[in-house]
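Novice: Encoded as structure tokens, here's the structure I'll be asking about.
The values are calculated or read from the model by the stated rules, or taken from the named source; none is laboratory data. Predicted, not measured: the structure shown is a model, and the values here were computed from it. Ideal geometry is used to build each Cβ from the backbone, glycine not excepted, and the neighbour counts take in all protein chains shown. Note: areas computed on protein heavy atoms with side chains; ligands, DNA, RNA excluded. Shrake-Rupley method; radii C 1.70, N 1.55, O 1.52, S 1.80 Å.
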Amino acid sequence: MEGFNKDSLCIGILGLGYVGLPLAVEFGKHYPTVGFDINSGRIQELNTGVDATLEVESAELSEATHLSFTDTAADLATCNLYIVTVPTPIDEHRQPDLTPLRKASETIGKVLKQGDIVVYESTVYPGATEEVCVPILEQVSGLVFNVDFFAGYSPERINPGDKEHRVTTIKKVTSGSTPEVADKVDAIYASIITAGTHKAPSIKVAEAAKVIENTQRDVNIALINELALIFNRMNIDTQAVLEAAGTKWNFLPFRPGLVGGHCIGVDPYYLTHKAQQIGYHPEIILAGRRINDNMGHYVSSQLVKAMIKRQITVDGSRVLIMGLTFKENCPDLRNTRVVDIVAELGDYGVKVDVHDPWVNADEAEAEYGIRPIAEPAAGEYDGIVLAVSHHQFKTAGPAEIRQYGKNPHVLYDLKYLFAASETDMRL
């Protein structure tokens, strides 16, 4: 570790998505920083000062005067601190897919030098950094862990589309493979994180802390979703119940809905995978996942029932789904569960149009085979589903949105954008 200090620091960040780019920009304001991504189009875009994810403004990019972008792995060779921010998705069997993490580790291994530190930010199960990534670094580089090079883990806490909670204003958990490395990693992050840092006692503790943050939210949302299923059968307005219960100071303000995205709908499967590996079958976590994964099916069936009650022929009908992203006011399509509604309605013979002003239509078509329409036509739809609470939809109001519907039609508000009296049904 001799000679490794902040004055000689050169940082390489692998993965320039929603997590990596904001981090690269902040480090690039203070230290020589190389942002690497295998997507050449992404690099070209960033070199023109544009971020398609809308997480970083052009002015912020220009402030990072020490930051350069590349898709050439050899350009990382000058770095001595590597930070990995690649995706960690699940596969079709809902098992962790560590392919991006393995490939990033291989890339670093080819340029790893004596004294370098590799920090992982990607969400993983406890133990993955040292059990999966470090052996790859050793094998490719020929170096010895904790002798020639070192590792750390500092879980990302980015909230896409959130302009208030930014990378520097969210407290950062840090860790290192030795006490000395832990101190160095913590000091480096502390130099840019104004909210401060929390140094975990081990890499595994930091990994576990990250994976339970979103698991806790997933289970809580599953509870509210289950309550919504119960209250709907009792003809009780779920939002009204939650507002009443929310008058108590310690009632948690969760709301029902689709649970997608790159974190909440994915991270619990990393924890359950590891739990099952060590011989424990997690009950509550998997039960919550089953409830949340089934919400698209439930929403579709409820809409179809409401249409039938209004004597609307379902087979051949047309439904407009407003919103495709996994959350409001951002273009992030990762693991959106709106696609479950589209698929389920298709099984009923419904023709579905999707409208989302935040989405790149080419990206949506490439990822899901769904091409959003630019603007819905008036008087065309038997059903309208408000699936994402984009501010454009809220501003439009129920009267304008209803103009897209035929007479009769069903307006289903999943996100409680409008009062119960202004819609036909709510989740």
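Novice: Restricting to the range 23-35, count the residues that are of a type in the set (A, V, I, L, M, F, W, C) and more than 20 Å from the chain's Cα centre (by Cα).
Specialist: Restricting attention to the range 23-35, the residues satisfying the condition of being of a type in the set (A, V, I, L, M, F, W, C) are 23-25, 27, 34.
From the residues that got through so far, the ones that are more than 20 Å from the chain's Cα centre (by Cα) too are 27, 34.
So the count comes out to 2.
Novice: Residue under question is Leu286, and the condition is that it be out of contact with any strand residue (DSSP E or B) (no Cβ under 8 Å at 6 or more places or on another chain) and open to solvent by 40 Å² or more (accessible area, probe 1.4 Å); does it hold? Even if it seems obvious, please write down each step before you answer.
Specialist: Working: out of contact with any strand residue (DSSP E or B) (no Cβ under 8 Å at 6 or more places or on another chain): yes; open to solvent by 40 Å² or more (accessible area, probe 1.4 Å): no.
No.
Novice: Checking Phe254 against (1) part of a helix (DSSP H, G or I); (2) surrounded by fewer than 18 Cβ atoms within 10 Å (Cβ to Cβ), which test does it fail?
Specialist: Status for Phe254: all satisfied but (1).
Novice: In addition: Out of all the residues in the range 81-88, is one or more out of contact with any Pro (no Cβ under 6 Å at 6 or more places or on another chain), farther than 29 Å from Gly261 by Cα and buried (at least 24 other Cβ atoms within 10 Å of the Cβ)?
Specialist: The answer is no, given that none of the residues of the range 81-88 is out of contact with any Pro (no Cβ under 6 Å at 6 or more places or on another chain), farther than 29 Å from Gly261 by Cα and buried (at least 24 other Cβ atoms within 10 Å of the Cβ).
Novice: Separate question: With Glu156, Glu180, Glu164 as the choices, which residue is acidic (Asp, Glu), farther than 20 Å from Lys274 by Cβ and part of a loop (DSSP other than H, G, I, E, B)? Working first, answer last.
Specialist: Details: Glu156 fails: farther than 20 Å from Lys274 by Cβ; Glu180 fails: part of a loop (DSSP other than H, G, I, E, B).
On inspection, the qualifying residue turns out to be Glu164.
Table: residues versus (1) closer than 30 Å to Ile117 by Cβ; (2) in a loop (DSSP other than H, G, I, E, B); (3) of a type in the set (Lys, Arg).
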{"residue": "Ile193", "(1), (2), (3)": "yes, yes, no"}
{"residue": "Ala206", "(1), (2), (3)": "yes, no, no"}
{"residue": "Ile212", "(1), (2), (3)": "yes, no, no"}
{"residue": "Asn232", "(1), (2), (3)": "no, no, no"}
{"residue": "Thr247", "(1), (2), (3)": "no, yes, no"}
{"residue": "Gly265", "(1), (2), (3)": "no, yes, no"}
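Novice: Among the residues of the range 115-125, is there at least one that is surrounded by fewer than 24 Cβ atoms within 10 Å (Cβ to Cβ) and over 30 Å from Tyr269 (Cα atoms)?
Specialist: Yes: one or more hits.
Novice: Working only within the range 134-166, note down all residues that are open to solvent by less than 20 Å² (accessible area, probe 1.4 Å), touching a residue at least 40 places away in the same chain (Cβ under 8 Å) and farther than 17 Å from Glu207 by Cα.
Specialist: The one that is open to solvent by less than 20 Å² (accessible area, probe 1.4 Å), touching a residue at least 40 places away in the same chain (Cβ under 8 Å) and farther than 17 Å from Glu207 by Cα: Pro160.
Novice: Can you pull out every residue in the range 356-375 that is in contact with a Leu (Cβ under 9 Å, 6 or more places away or on another chain), outside any loop (DSSP other than H, G, I, E, B) and over 19 Å from Asn329 (Cβ atoms)?
Specialist: Step one: filter the range 356-375 for residues in contact with a Leu (Cβ under 9 Å, 6 or more places away or on another chain), giving 356, 358-360, 363-364, 367-368, 370, 372-373.
Now restrict to residues that are outside any loop (DSSP other than H, G, I, E, B): 363-364, 367-368.
Once the filter is applied, which keeps residues that are in contact with a Leu (Cβ under 9 Å, 6 or more places away or on another chain), outside any loop (DSSP other than H, G, I, E, B) and over 19 Å from Asn329 (Cβ atoms), the range 356-375 yields Glu367, Tyr368.
Novice: Here's a check for you: in the range 1-11, which residue that is outside any helix (DSSP H, G or I) and open to solvent by 10 Å² or more (accessible area, probe 1.4 Å) is nearest to Val181 (Cα to Cα)? Break it down into steps so the answer makes sense when it comes.
Specialist: Keep residues of the range 1-11 that are outside any helix (DSSP H, G or I), which gives 1-5, 9-11.
This time we only want the ones that are open to solvent by 10 Å² or more (accessible area, probe 1.4 Å), so: 1-5, 10.
On the way: Met1: 8, Glu2: 11, Gly3: 13, Phe4: 10, Asn5: 11, Cys10: 16 Å.
Filtering the range 1-11 for residues that are outside any helix (DSSP H, G or I) and open to solvent by 10 Å² or more (accessible area, probe 1.4 Å), the one nearest to Val181 (Cα to Cα) comes out as Met1.
Novice: Could you tell me how many of the residues in the range 50-87 are modelled with pLDDT of 95 or more, under 20 Å from the mean Cα position of the chain (by Cα) and hydroxyl-bearing (Ser, Thr, Tyr)?
Specialist: Residues flagged as modelled with pLDDT of 95 or more, under 20 Å from the mean Cα position of the chain (by Cα) and hydroxyl-bearing (Ser, Thr, Tyr) within the range 50-87 amount to 1.
Novice: When Asn47 is evaluated against the numbered criteria (1) free of Cβ contacts under 8 Å to residues at least 60 places away in the same chain; (2) under 21 Å from Val181 (Cβ atoms), which criterion, by number, is the only one it fails?
Specialist: Exception for Asn47: condition (2).
Novice: In the range 384-400, which residues are over 24 Å from Asn335 (Cα atoms), of a type in the set (Gly, Ala, Ser) and surrounded by 12 or more Cβ atoms within 10 Å (Cβ to Cβ)?
Specialist: So the first thing to find is which residues in the range 384-400 are over 24 Å from Asn335 (Cα atoms), and the list is 395-400.
Next, only the ones that are of a type in the set (Gly, Ala, Ser) stay: 396-397, 399.
Those that are over 24 Å from Asn335 (Cα atoms), of a type in the set (Gly, Ala, Ser) and surrounded by 12 or more Cβ atoms within 10 Å (Cβ to Cβ): Ala396, Gly397.
Novice: Scan the range 387-427 residue by residue and report those that are of a type in the set (Ser, Thr, Tyr) and not in a strand (DSSP E or B). First the steps, then the outcome.
Specialist: Applying the first criterion (of a type in the set (Ser, Thr, Tyr)) to the range 387-427 yields 389, 395, 404, 412, 416, 421, 423.
Selection gives Ser389, Thr395, Tyr404, Tyr416, Ser421, Thr423.
Rundown of residues vs (1) under 20 Å from Met425 (Cα atoms); (2) at pLDDT 95 or above; (3) outside any strand (DSSP E or B), yes/no style:
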position	(1), (2), (3)
Ile312	yes, yes, yes
Ile321	yes, yes, no
Leu324	yes, yes, yes
Lys327	no, no, yes
Asp332	no, no, yes
Asn335	no, no, yes
Ile341	yes, yes, yes
Glu344	yes, yes, yes
Val354	yes, yes, no
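Residue by residue, here is whether (1) surrounded by fewer than 16 Cβ atoms within 10 Å (Cβ to Cβ); (2) in contact with a Phe, Trp or Tyr (Cβ under 9 Å, 6 or more places away or on another chain); (3) not in a loop (DSSP other than H, G, I, E, B) holds:
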site: Ile13; (1), (2), (3): no, yes, yes
site: Tyr18; (1), (2), (3): no, no, no
site: Val25; (1), (2), (3): no, no, yes
site: Tyr31; (1), (2), (3): no, no, no
site: Ile38; (1), (2), (3): no, no, no
site: Leu54; (1), (2), (3): no, yes, no
site: Leu76; (1), (2), (3): no, yes, yes
site: Glu92; (1), (2), (3): yes, no, no
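Novice: Filter the range 94-105 down to residues that are touching a residue at least 60 places away in the same chain (Cβ under 8 Å) and surrounded by 23 or more Cβ atoms within 10 Å (Cβ to Cβ) and give me whichever is nearest to Leu137 (Cα to Cα).
Specialist: Ala104
Novice: Moving on. Any residue in the range 235-249 that is open to solvent by 40 Å² or more (accessible area, probe 1.4 Å) sitting within a Cβ distance under 8 Å of a residue that is of a type outside the set (D, E, K, R) and in a helix (DSSP H, G or I)? List the pairs, counting only those 6 or more apart or interchain.
Specialist: Asp237/Phe231; Asp237/Ala420; Ala240/Ala420; Val241/Leu227; Val241/Phe231
Novice: Moving to a separate point now. For Val119, only one of the following conditions fails: (1) over 19 Å from Tyr31 (Cβ atoms); (2) within 22 Å of the chain's Cα centre (by Cα). What is its number?
Specialist: (1)
Novice: In addition: Collect the residues in the range 402-416 that are within 15 Å of Leu242 (Cβ to Cβ) and open to solvent by less than 30 Å² (accessible area, probe 1.4 Å), keeping them in residue-number order. Spell out how you get there, then give the answer.
Specialist: Taking the range 402-416 first, the residues within 15 Å of Leu242 (Cβ to Cβ) are 413-416.
Listed by number, the residues that qualify are Asp413, Leu414.
Novice: From the list Arg337, Arg318, pick out the single residue that is open to solvent by 20 Å² or more (accessible area, probe 1.4 Å) and within 21 Å of the chain's Cα centre (by Cα). Break it down into steps so the answer makes sense when it comes.
Specialist: On the way: Arg318 fails: within 21 Å of the chain's Cα centre (by Cα).
On inspection, the qualifying residue turns out to be Arg337.
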